[in-house]
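Below is one structure, written out as structure tokens; the observations come after it.
The values are calculated or read from the model by the stated rules, or taken from the named source; none is laboratory data. Since the structure is predicted, the reported quantities are computational estimates derived from the model, not experimental observations. Don't worry about glycine lacking a Cβ; one is built from the backbone with ideal geometry, like all the others, and counts go over all protein chains shown.
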Amino acid sequence: MTYYHVSFENPLTFYLQVQLMVEVPAEASQPLALQLPAWRPGRYELQNFAQKIQRVEVSDAETDEPLPYRKTTKDRWEVPGAAGRSVRVRYHFYAHQMDAGGSWLDETQLYLNPVQALMYAEGQQDAPCQLTLDLPADWRLACGLPQTLPNTLQAKNFDQLADAPLIASPTIEHQQYEAGGLPFHVWAQGEEALINWPKLLADFKAFSEEQLKLFGGFPVQDYHFLNQFLPYKHYHGVEHHNSTVITLGPAELLMHEALYKELLGVSCHELFHTWNIKAIRPAEMQPYDYARENYFRTCYIAEGVTTYYGEYLLARSHVRTPSQYFEELNIVLRKHYDDAGGQNLSLADASMDLWLDGYKPGVPDRKVSVYHKGALTALLLDLTIRQLHGHARSLDDVMRRLYEDFGKTGVGYTEADYARIVGEVAGRKMQVYFDKFINGTAPLQEPLDKALRTVGCQLVAYENASASEGTFGFRTVVKNERTEVTYIWPGSPASAALTIDDEIVAVNGRRVDMNLQTLLSTGQPHYELAVFRQNRLLVVELAALPGVGYGPRYAVEKLAEADEAQKAGFQKWLGWEF
Ligand SMILES: [Zn+2]
């Protein structure tokens with residue numbers, strides 16, 4: 001058993017005091033190695049949590065004798081001479097990151113993601129763990145792990161402890177609902193959010209039951225939504241074994257349409273991960289290796305399929321209308337078609353590159369999002385399977401098979417397993433789908449439009465209404481009253497004249513001052529742009545290419561007229577009348 005103890009002295013410093021006690025076998029021939037995770041499941045990039053660690057001290061727990069140690073990597077400490085001893089490790093952890101993967105300490109709460117803050121003794125990850133928290137008497141503890149004693153959490157191994165975020169506070173609110181006979185807890189910490197609990201619980205119950213029905217079971221015995229409602233604009237969610245942390249704001253707008261929609265979307269998405277990534281896990285992460293990158297090619301399943309279902313199931317469970325669902329789908333389309341990255345990197349390679357630069361904008365047109373393209377290819381696959389089998393089969397069957405074969409057994413799935421199951425459910429090898437859209441960069445518009453038509457819908461392309469983007473192929477942002485170029489479509493007129501970071505100061509001799517679109521909309525064949533490039537003033541010429549439009553906007557819409565088969569398809573897919 002590894003014992004952890006977390007306390008704090010002065011919340012104003014944001015520092016937590018962490019202590020761990022570990023027994024080292026007498027026959028141990030290697031030094032005791034203490035490893036702090038370098039990343040956390042759910043975000044596939046190195047995050048180097050050791051940056052938050054201060055003042056490491058190691059001692060013999062019985063004699064209090066200090067034990068010498070040395071760092072062997074940025075997040076690994078080795079203690080020679082520990083064999084046969086009970087070793088105590090003490091350090092401070094800086095809890096000052098408020099997002100769904102972070103940790104936070106202030107006078108009103110302790111919020112901890114153990115994966116950031118707790119070291120493990122190498123070779124002892126499978127031993128049970130106990131975490132005791134030193135909390136003020138009136139604080140209440142919310143966590144997916146069972147509490148054996150007050151403020152004491154029990155985990156069967158380090159993995160389970162690392163995957164169990166907690167919030168402790170005197171003001172945390174708690175509500176509960178039941179789905180599939182299991183308890184679902186909703187915790188709310190932070191600003192008074194004026195939550196309409198009856199509405200929230202009814203909506204949560206509806207999408208939870210829809211998911212339970214889809215999979216025919218739940219991988220865990222209970223579930224906890226740990227919400228941090230913040231006083232400023234924020235949006236983030238992270239999945240865990242039997243819980244999720246959601247950080248959302250501004251709290252005062254929580255029940256307003258725009259933010260409540262986000263709460264439902266992220267909650268439905270994170271719950272779906274309980275199956276898809278926590279239970280149904282890629283072979284490369286079975287088990288997780290916290291010390292280094294865990295490369296995997298299938299994040300389009302883990303995140304793409306989850307992004308698809310996270311929104312789609314809200315419509316299917318009647319929490320949202322089809323038109324509300326299409327609005328969300330159109331946001332995904334807009335984000336996917338926002339640049340030309342999809343032409344340069346396949347979805348499967350983008351999964352590998354999460355570890356490289358997956359969570360930042362990166363250099364222009366280099367990459368594609370596993371979330372957005374992953375969701376669109378999941379939609380395409382779902383509608384294709386439905387069409388092949390008159391809606392008697394769907395992507396649901398693929399997910400159920402994955403749950404049966406991998407989720408329930410704890411065996412990790414491979415890329416080949418997924419392709420095989422898709423083929424078996426579809427009744428044919430879906431090689432072209434995988435070659436073109438998963439491992440290739442073929443355009444999606446035409447096949448997506450064709451698939452949508454089987455359910456009485458279509459993919460419509462609208463001209464980009466912005467003159468700079470639609471006609472000339474560039475986007476700008478106004479920063480400190482400077483109009484700067486932020487994006488240029490490859491092959492567009494702008495690509496022959498402008499560079500990213502150019503500051504546009506005049507068009508045809510007229511000063512640019514929040515009027516760029518007007519100045520570029522006079523219908524002339526040529527424009528002269530005065531730009532500052534690296535602090536040098538240049539004049540460049542921009543000429544429109546007739547008949548070419550850049551950055552079209554795509555939208556899913558219902559067909560004005562649909563036949564009976566299409567209407568029936570719509571009903572079977574979305575669960576709503578056409
Ligand atoms: Zn996700």
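Considering only residues in segment 281-301 that are of a type outside the set (Lys, Arg) and surrounded by 20 or more Cβ atoms within 10 Å (Cβ to Cβ), the one that is farthest from the ligand (Cβ to nearest atom) turns out to be Tyr290. Across segment 236-254, the qualifying residues are those that are of a type in the set (Gly, Ala, Ser) and within 16 Å of the ligand (Cβ to nearest atom), and the one among them that is nearest to His185 (Cα to Cα) is Ser243.
Just one of the numbered conditions (1) modelled with pLDDT under 95; (2) more than 25 Å from the chain's Cα centre (by Cα); (3) not in a strand (DSSP E or B) is not true of Thr148: (3). Evaluated against (1) more than 16 Å from the ligand (Cβ to nearest atom); (2) within 25 Å of the chain's Cα centre (by Cα), Glu45 falls short on exactly one condition, (1). Restricting Leu226, Leu214, Leu253, Leu194 to residues that are over 23 Å from Arg281 (Cβ atoms) and touching a residue at least 60 places away in the same chain (Cβ under 8 Å) narrows the list to Leu194.
Determine whether Lys367 is modelled with pLDDT of 95 or more, within 16 Å of the ligand (Cβ to nearest atom) and in contact with a helix residue (DSSP H, G or I) (Cβ under 9 Å, 6 or more places away or on another chain). No; evaluated as a whole, the condition is false for this residue.
Every residue, every condition in (1) buried (at least 18 other Cβ atoms within 10 Å of the Cβ); (2) touching a strand residue (DSSP E or B) at 6+ places or on another chain (Cβ under 9 Å); (3) outside any strand (DSSP E or B), yes or no:
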site: Tyr4; (1), (2), (3): yes, yes, no
site: Val18; (1), (2), (3): yes, yes, no
site: Glu27; (1), (2), (3): no, no, yes
site: Gln30; (1), (2), (3): no, yes, yes
site: Leu34; (1), (2), (3): yes, yes, no
site: Arg55; (1), (2), (3): no, yes, no
site: Asp64; (1), (2), (3): no, yes, yes
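Hey, could you check segment 36-46 for residues that are in contact with a strand residue (DSSP E or B) (Cβ under 9 Å, 6 or more places away or on another chain), crowded, with 18+ Cβ neighbours inside 10 Å and of a type outside the set (Gly, Ala, Ser) and say which is farthest from Gly237 (Cα to Cα)? Only one residue fits best here, namely Leu36.
Scanning segment 66-84 for residues that are in contact with an Asp or Glu (Cβ under 9 Å, 6 or more places away or on another chain) and in a loop (DSSP other than H, G, I, E, B) gives Leu67, Tyr69, Ala82, Ala83, Gly84. Here the helices (runs of 4 or more DSSP H) wholly within segment 328-418 that include at least 2 residues being buried (at least 22 other Cβ atoms within 10 Å of the Cβ) are 347-352, 372-388, 395-402. Mind checking whether some residue in segment 302-317 is within 12 Å of the ligand (Cβ to nearest atom), crowded, with 21+ Cβ neighbours inside 10 Å, among the aliphatic types (A, V, I, L, M) and touching a residue at least 12 places away in the same chain (Cβ under 8 Å)? Within segment 302-317 (the criterion being within 12 Å of the ligand (Cβ to nearest atom), crowded, with 21+ Cβ neighbours inside 10 Å, among the aliphatic types (A, V, I, L, M) and touching a residue at least 12 places away in the same chain (Cβ under 8 Å)), the answer is yes, since at least one residue qualifies.
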